[in-house]
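See structure below.
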Amino acid sequence: MQSSARSEYPRNPQTARSRRRHEVPESFVTVTHPFHPLSGRRLRVLFERKLAGGLAVSCEGGPLGSLMVPLAWTDRAPSAAGAPLTYEVLIELAEAVSAVKSRHEG
């Protein structure tokens, strides 16, 4: 009975491989790093991978073949801070650090 159940629902090897490699179906990224040779180009994502430096995407690079691009170098990078770093913000940060430091010392 088990063997007939397997034949009714054959396992697609492509699906199993895709899940292991975190394949992203038909998605694209734009390279935003200003010094990357493909800066400004839209690339098709093959899969995502977690590396020591963070997430990266494997993309079709045209004549370059496939290439890994750190997610931080694409339009999917986390957005920058909502406000610019000003001296007022730094003063607030210094006051907060001083307050925490004085609690631990005293």
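Rule-based calculations on the coordinates, nothing more; no lab input. No experiment lies behind these values; they were computed from the predicted model shown. Using ideal geometry, Cβ is built from the backbone for each residue, glycine included, and neighbour counts are taken over all protein chains shown.
At-a-glance table
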read-out: Net charge of Cβ neighbours under 12 Å - reference residue 43; Lys, Arg +1; Asp, Glu -1; value: +2
read-out: Net charge of neighbours whose Cβ lies under 11 Å from the Cβ of residue 66, counting Lys and Arg as +1 and Asp and Glu as -1; value: 0
read-out: Neighbour-limited loop hits for trypsin sites (Lys or Arg not before Pro), region 34-103 (at most 15 other Cβ within 10 Å; DSSP other than H, G, I, E, B); value: 41
